[in-house]
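Data first, discussion second: the structure below is written as C-alpha cells.
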Amino acid sequence: MKSPLLTLPGAVPAEGVDEGVAAHYGDLFREQRALADGAGFVDLSHRGVVTVTGDDRLAWLHLLLTQHVSELPVGEATEALVLSAHGHIEHALYLVDDGTTVWAHVEPGTAQALIAYLESMKFFYRVEVADRTGDFAVVHLPAGSIAEPPDGAVVRETAYGRDLFLPRADLESFAEKAGPAAGLLAYEALRVENHRPRLGFETDHRTIPHELGWIGTAVHLQKGCYRGQETVARVQNLGKPPRRLVFLHLDGSDVHLPPHGTEIRLADDGEDGRRIGVVTTSARHHELGPVALALVKRNVPVDARLIAGDTAAAQEVIVEP
C-alpha cells in the first residue's frame, strides 16, 4: 500500500519489505537527530493493522500469545509473539487495548497469515478478528515528542515513543502538523542502536525467542500454556540458545554497509574461515557510525575480532553467551 506521504519534498521510496513508505527525505542524519531529540514523526503506514474485538478477546489472546495479556490494562502497550509448535518465531505483534478492541501492528505482508491462524483458533470464544490495514495507518512519534495525537487516535506508548493508529484519510493532514518527516532508515538506525529485533530481519525459520533477547519483553515466563511453550521452558531452564544477538561496530572506512545475510567469520581466520554468524540489519548511525545487529553462534568469544564479509567488526554483547 503506497503512502501518500511519498509526495513530500525529498521523499525517496524504501525497497523490499518496506516498499510503500519513504526510506528518507533527503538528509538521513538530520532525520535521525530529529528523532533522537524527540522531534518529527515516521510514516509506518506500510505495516499491517489487525484488531480483535469481543468480550473474550484478552482471555483468548492470552492462550495463543507468548505474552501475559489476560489482564492487560487499558492503554498499556505490550508486544507478543506467535510461535510454532517447535518454539520458532512466526509472528510478532505490537499491542494495545483501548477498552473494547485490541489493536496490533505487524510486519508488512504478515497480517493475512496471522489472521488465518487466529481465525483457526476461535472455536467457541466471543471474538472477532479483522484486518484494518486498509482503513488505519501506523505513525511513530519518537520519545520526548510533544506532538498531540489527533482526537480519537489509538495510542501505543513505549519507552521508544508512541505508535499512533490513525485513519488513513487523516494521514496527510497529520503530517502537515507533526513534521518534520523522518524516513525509515532513520527509524531503523535507532532501532539497531536500541538492540531491538525485528521479525524477518533478525529472525529466520528456526529462530527462538531466547536468541534475540525477547524473553521478558515479548515472552512471559510465568503464564499458562501456549503453542511452543515447551521449547521456551526447556531452553530457559535446562540449556542455552544455539545463537545470540550481538551489536556490531563496523569499520567506518568502508563505503558500503554489509547487507542482511552477510556472513560473519573470525578475523583471525580471514575471509575463507568458517562461518560463525550473519548480519541481520546494518545501518549508518548519526553518532556511532556504521553499526549492525547480527546473529552469531553462542560459543563465539565475546572479545573475538570479527569480519562481516570483508568489513572489520567489533561486537557488543546483547544476549549473554
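Read-outs throughout are calculated quantities, based only on the coordinates presented, and are distinct from any laboratory measurement. Model, not experiment: these values are computed from the prediction. We place every Cβ from the backbone using ideal geometry, glycine too, and count neighbours over all the protein chains shown.
Taking the DSSP beta bridges in the chain as the whole, what percent of them are antiparallel, to the nearest 5?
On the way: 65 of 68 bridges.
Roughly 95 percent of the DSSP beta bridges within the chain come out antiparallel.
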Explain nothing, just compute: Karplus ³J(HN,Hα) = 6.51 cos²θ - 1.76 cosθ + 1.60, θ = phi - 60°, for every residue of the range 308-316 in order, whole Hz, x for Gly and Pro. 9, x, 10, 9, 5, 8, 10, 9, 10
Given H placed on each backbone N at 1.01 Å, which residues far from GLY20 in sequence or on other chains put an amide H within less than 5 Å of it? ALA14
Starting from the amide H of GLN67, placed 1.01 Å from N in the peptide plane, find each other amide H under 5 Å away whose residue is 5 or more places distant or on another chain. LEU81, HIS220
For the range 125-147 and the range 167-205, what is the separation of their Cα centres, given in Å? 13
In whole angstrom, how far apart do the alpha carbon centroids of the range 273-310 and the range 60-80 sit? 33
Hey, what do the phi angles of the range 237-254 turn into as Karplus ³J(HN,Hα) couplings, whole Hz, using 6.51/-1.76/1.60 and θ = phi - 60°, x for Gly and Pro? 9, 10, x, 10, x, x, 10, 9, 7, 10, 9, 10, 9, 9, 4, x, 7, 6
Helix-derived mean residue ellipticity, 222 nm - over the chain, DSSP H n ≥ 4, -39500 (n - 2.57), to 500: -5000 deg cm²/dmol
What list of ³J(HN,Hα) values in whole Hz, one per residue of the range 45-59 in order, does the Karplus curve 6.51 cos²θ - 1.76 cosθ + 1.60 (θ = phi - 60°) give from phi, with Gly and Pro shown as x? 6, 7, 6, x, 10, 10, 10, 10, 10, x, 4, 9, 4, 6, 4
State, as an integer percentage, the relative contact order of the chain based on alpha-carbon contacts under 8 Å between residues 6 or more apart. 19
Students often get this wrong, so try it: which of (1) 150; (2) 140; (3) 128 is volume of the Cα convex hull per residue in Å³ as calculated from the structure shown? (3)
Using a simple charge model, +1 on the beta-carbon of Lys and Arg, -1 on the beta-carbon of Asp and Glu, nothing else, what dipole does the range 112-254 show about its Cα centre, in debye to the nearest 20? 820
Out of residues 5 or more away from THR311 or on other chains, whose amide H comes under 5 Å of its own, with H placed 1.01 Å from N in the peptide plane? none
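Could you give the size of the charge dipole of the chain about its Cα centre, using +1 on the Cβ of each K and R and -1 on the Cβ of each D and E, expressed in debye and rounded to the nearest 20? Could the numbers behind the result be given before it?
Working: 29 positive and 45 negative charges, 174 e Å.
Here the chain has a charge dipole of around 840 debye.
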Could you sort out which of LYS2/LYS240; LYS122/LYS177; LYS2/LYS177 sit more than 32 Å apart by Cα distance in this structure? LYS2/LYS240; LYS122/LYS177
